[in-house]
């Protein structure tokens, strides 16, 4: 009999005999649930207004109660914080505002005592311009570190080598007066891109990765990893010609023989590309983050700054495609939001009238899918987007840079603010709402970013005290994933494909089936139940209204109603 999960933590899930005998290689992260922490906004122990490692350590018992077994830690490396830590100046040290290397080691140890692994955020497409490599590289054209970055001569008139643009606005090329050349940066000008074509760069990165792995971390989340194989001269950024050879080399040199989780951020991935990353036979990554479901709400021309209305039919098509395409090859990561995205209940639910119901529905819809779920801090209590009145209240480099660029180009202030309110990254970065006290219990000092004013109603203390809260709903979903093999390994079959309000599916493994039905609408829905499901009865695993234990000919759903029924049946 095969027990799966975190080594040292038996949770009693047993795989059916048919699966035990198959060629499926079960990994500990298959039934894991990951919790992402954005350290700057999670918990501030020393009162300086910035979250820190000591604050995270203080909250480990809370995370253990929640039931998660992996923390994805956004960057805590030493950094000048031009992009809140995604601009690293020393990969082997901790930013002073977050703590010390000793505290990082203590976090790894104390988390492990609670059967929680720490996954570090690996940012190796670029560094900070204060990294010693870049400080050396810009000294002269013949400096030994010059080729660690990407440099090109100006055109004859002194302008940049080409018209490529940076994601945060402006040219992707920055002129460096000391040597009279331009360096390449896909993000901020203070985030110069590394030259992965240089084998010395790759060797340095692999040495650093092994240094962290030797400290006992549980793996890496790899920031914009699909950009490292770029071909700048051909204008190819994502999915470049050398991407997968580099990842296979990285796997062999670092984590390939270690039992860790690796997930790549890949904005340009489609299912076929995702299989290249996550097919175990290719020895690259455990899984990737794909964003096809996210970009459905972005305008084709203006991007996320001009949001499109939410289209459930389009979302269902994307979700089902990824479930089906990666069913037997690779592995899905499951998420609604992260540090770069708006709050899930604000994007897909109804934060005003049905915040609790729609947040629970979104959780159910996601957590019964096949893949590894990721919870972003505050999602488990239904935190919402924030609407600051002034652009001066925002801190995000992307929002501020593009606000300046786009309003200067003629976009109305009001239009740009609506885009920031809907999709700006600070929506996810307002401080964690722990209680009703000063600054939501996040800090004794003035927070680096304003707290969302609704913290008096939405906070952890209130959620823990309420048996019907979103938080306790998440606890049940996390527990179910560790108890039910059908949730982890079962086949996926969509239901009610053409219905514009309902996202439903079933998961099957052996003789067990789980039917999951979610109303994505504030309007009641009446469904004709397919004949194959009529009479299906069993245990209601989770619901956000009264439990459903049987399906008849008709099914009436209330606003954002959601439930899952587990049954053992020989139905076809």
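The values are calculated or read from the model by the stated rules, or taken from the named source; none is laboratory data. Owing to the predicted nature of the structure, the values given are computational and were not obtained by experimental measurement. Note that we place each Cβ from the backbone using ideal geometry, even for glycine, and neighbour counts take in every protein chain shown.
Structure summary
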| read-out | value |
| --- | --- |
| Filter result (at pLDDT 95 or above, surrounded by fewer than 23 Cβ atoms within 10 Å (Cβ to Cβ) and not in a strand (DSSP E or B)) within the range 167-177 | 177 |
| Helices (runs of 4 or more DSSP H) within the range 270-360 that include 3 or more residues closer than 25 Å to residue 86 by Cβ | 271-278, 292-295, 344-348 |
| Residues satisfying the stated conditions in the range 482-491, i.e. touching a strand residue (DSSP E or B) at 6+ places or on another chain (Cβ under 9 Å) and more than 14 Å from residue 564 (Cα to Cα) | 485, 488, 489, 490, 491 |
| Meets criteria (crowded, with 17+ Cβ neighbours inside 10 Å and either in contact with a strand residue (DSSP E or B) (Cβ under 7 Å, 6 or more places away or on another chain) or within 29 Å of residue 261 (Cβ to Cβ) (or both)) for residue 416 | no |
| Selected residue (criterion: farthest from the chain's Cα centre (by Cα)) from residues of the range 405-417 that are assigned to a helix (DSSP H, G or I) and without any contact (Cβ under 8 Å) to a residue 40 or more places away in the chain | 408 |
| Among residues of the range 482-535, those that are within 24 Å of the chain's Cα centre (by Cα), more than 30 Å from residue 350 (Cα to Cα) and without any contact (Cβ under 8 Å) to a residue 60 or more places away in the chain, counted | 0 |
| Per-region count, the range 231-240, residues surrounded by fewer than 16 Cβ atoms within 10 Å (Cβ to Cβ) and either touching a helix residue (DSSP H, G or I) at 6+ places or on another chain (Cβ under 9 Å) or in a helix (DSSP H, G or I) (or both) | 2 |
| Some residue of the range 102-123 being closer than 26 Å to residue 265 by Cβ and free of Cβ contacts under 8 Å to residues at least 12 places away in the same chain | no |
| Which listed residue is at pLDDT below 95, within 21 Å of the chain's Cα centre (by Cα) and within 17 Å of residue 387 (Cα to Cα), from 428, 422 | 422 |
| Subset of the range 71-94 [farther than 23 Å from residue 116 by Cα and touching a strand residue (DSSP E or B) at 6+ places or on another chain (Cβ under 6 Å)] | 78, 88, 89, 90 |
| Lone unmet requirement of (1) more than 21 Å from the chain's Cα centre (by Cα); (2) on the phi < 0 side of the Ramachandran plot for residue 83 | (1) |
| Exclusive hit being touching a residue at least 60 places away in the same chain (Cβ under 8 Å) and part of a helix (DSSP H, G or I), set 369, 402 | 402 |
| Lone qualifier among 226, 214 - being over 22 Å from residue 30 (Cβ atoms) and loosely packed, with under 14 Cβ neighbours inside 10 Å | 214 |
| Criterion: touching a residue at least 12 places away in the same chain (Cβ under 8 Å) and either touching a helix residue (DSSP H, G or I) at 6+ places or on another chain (Cβ under 6 Å) or over 23 Å from residue 61 (Cα atoms) (or both) - qualifying residue of 456, 444, 429, 479 | 429 |
| Count of residues meeting criterion [crowded, with 18+ Cβ neighbours inside 10 Å and outside any loop (DSSP other than H, G, I, E, B)] in the range 148-166 | 3 |
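Matching residues to (1) closer than 17 Å to residue 562 by Cα; (2) assigned to a strand (DSSP E or B); (3) touching a strand residue (DSSP E or B) at 6+ places or on another chain (Cβ under 6 Å):
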{"site": "451", "(1), (2), (3)": "no, no, no"}
{"site": "455", "(1), (2), (3)": "no, no, no"}
{"site": "463", "(1), (2), (3)": "no, no, no"}
{"site": "474", "(1), (2), (3)": "yes, no, no"}
{"site": "503", "(1), (2), (3)": "yes, yes, yes"}
{"site": "508", "(1), (2), (3)": "no, yes, yes"}
{"site": "521", "(1), (2), (3)": "yes, no, no"}
{"site": "526", "(1), (2), (3)": "yes, yes, yes"}
{"site": "542", "(1), (2), (3)": "yes, yes, yes"}
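Quick grid of which residues meet (1) over 27 Å from residue 471 (Cα atoms); (2) modelled with pLDDT under 95:
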residue: 295; (1), (2): yes, yes
residue: 299; (1), (2): yes, yes
residue: 310; (1), (2): no, yes
residue: 317; (1), (2): yes, no
residue: 328; (1), (2): yes, yes
residue: 332; (1), (2): no, no
residue: 338; (1), (2): no, no
